[in-house]
Amino acid sequence: MFHFEQIEGDRISRYENLLKQVGHLVEGERDMVANLANTASLLYLSLEQVNWAGYYLNRGDELVLGPFMGKPACIRIPFGKGVCGTAASERRTQLVRDVLKFPGHIACDAATRSEIVVPMFKDDQLVAVLDIDSPIEARFDEEDQRYLEQFARIVTNSIDWSPILKG
Ligand code: SME
């Protein structure tokens, strides 16, 4: 059984611990839903001041809600729309310190004030985005981005993406 362990300490030690834990959590498992669900839960429980953590999947011509923790969310997001659709179309992480100032931000939870969205690629093809929301303005910075991009890479590499790549 996986033993969830939250450690005390500074942000770097907590992120280093999180990266170790996610590696253990997905070890020996390639199922897309299982690994996305478990890693969304791990993130949500590990990070402070977060009200939503989860994934949107690349379902051909739009992003569709995947496994997450938090309140029920918007289901379909066109490429180029909102923070998630922008991360998908620009193929790079969106670090949004104030969602109210992001043109076209999609408000799934009115409590959200800042957000980070990390695109995930398998062999250069966009398969999903990792989305994390916070009720605190400027909750995420470049250091969070660096660790969350590593987190997303570990998750991406653990998964058999054939349900997505087949379209
Ligand atoms: N705020 C996102 C939509 C997804 S929810 O935050 C879960 C966006 O603007 O794309």
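State all residues of region 94-105 that are aliphatic (A, V, I, L, M), closer than 25 Å to residue 150 by Cβ and outside any strand (DSSP E or B); if no residue qualifies, say none. Walk me through it before giving the result.
Kept after step one, since they are aliphatic (A, V, I, L, M), are these residues of region 94-105: 95-96, 99-100.
This time we only want the ones that are closer than 25 Å to residue 150 by Cβ, so: 95-96, 99.
Scanning region 94-105 gives a single hit, 99.
Would you check if residue 102 is within 26 Å of residue 61 (Cβ to Cβ) and not basic (Lys, Arg)? Walk me through it before giving the result.
On the way: within 26 Å of residue 61 (Cβ to Cβ): yes; not basic (Lys, Arg): yes.
So residue 102 passes the test.
Looking at residue 102, is it within 8 Å of the ligand (Cβ to nearest atom), surrounded by fewer than 22 Cβ atoms within 10 Å (Cβ to Cβ) and free of Cβ contacts under 8 Å to residues at least 40 places away in the same chain?
Values: within 8 Å of the ligand (Cβ to nearest atom): yes; surrounded by fewer than 22 Cβ atoms within 10 Å (Cβ to Cβ): yes; free of Cβ contacts under 8 Å to residues at least 40 places away in the same chain: yes.
Yes.
Residues checked against (1) of a type outside the set (Lys, Arg); (2) part of a strand (DSSP E or B); (3) more than 10 Å from the ligand (Cβ to nearest atom):
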{"residue": "72", "(1), (2), (3)": "yes, no, no"}
{"residue": "85", "(1), (2), (3)": "yes, no, no"}
{"residue": "92", "(1), (2), (3)": "no, no, yes"}
{"residue": "107", "(1), (2), (3)": "yes, no, no"}
{"residue": "116", "(1), (2), (3)": "yes, yes, yes"}
{"residue": "131", "(1), (2), (3)": "yes, yes, no"}
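State yes or no: is residue 35 more than 10 Å from the ligand (Cβ to nearest atom), in contact with a Ser or Thr (Cβ under 6 Å, 6 or more places away or on another chain) and not acidic (Asp, Glu)? Show your work before the answer.
Details: more than 10 Å from the ligand (Cβ to nearest atom): yes; in contact with a Ser or Thr (Cβ under 6 Å, 6 or more places away or on another chain): yes; not acidic (Asp, Glu): yes.
It is true that residue 35 is more than 10 Å from the ligand (Cβ to nearest atom), in contact with a Ser or Thr (Cβ under 6 Å, 6 or more places away or on another chain) and not acidic (Asp, Glu).
Any residue in region 53-66 that is in contact with a Gly (Cβ under 7 Å, 6 or more places away or on another chain) and away from the ligand (no atom under 16 Å from the Cβ)?
From region 53-66, those in contact with a Gly (Cβ under 7 Å, 6 or more places away or on another chain) are 53-57, 60, 63, 66; that's our starting set.
From the residues that got through so far, the ones that are away from the ligand (no atom under 16 Å from the Cβ) too are 60.
Among the residues of region 53-66, at least one is in contact with a Gly (Cβ under 7 Å, 6 or more places away or on another chain) and away from the ligand (no atom under 16 Å from the Cβ), which makes the answer yes.
Could you list, ordered by first residue, the pairs with Cβ atoms under 6 Å in which the first is in region 58-78 and in contact (Cβ under 8 Å) with a residue 12 or more places away in the chain and the second is more than 11 Å from the ligand (Cβ to nearest atom) and of a type in the set (Asp, Glu), at least 6 apart or interchain?
Close Cβ pairs satisfying both conditions: 76/62; 78/62.
Quick one: residue 110 ticks every box in (1) on the phi < 0 side of the Ramachandran plot; (2) of a type in the set (Gly, Ala, Ser); (3) modelled with pLDDT of 95 or more except a single one, so which number is it?
(3)
The values are calculated or read from the model by the stated rules, or taken from the named source; none is laboratory data. Since this is a predicted model, take the numbers as computed values, not measurements. Here the Cβ is made from the backbone with ideal geometry for all residues, glycine too, and neighbour counts use every protein chain on show.
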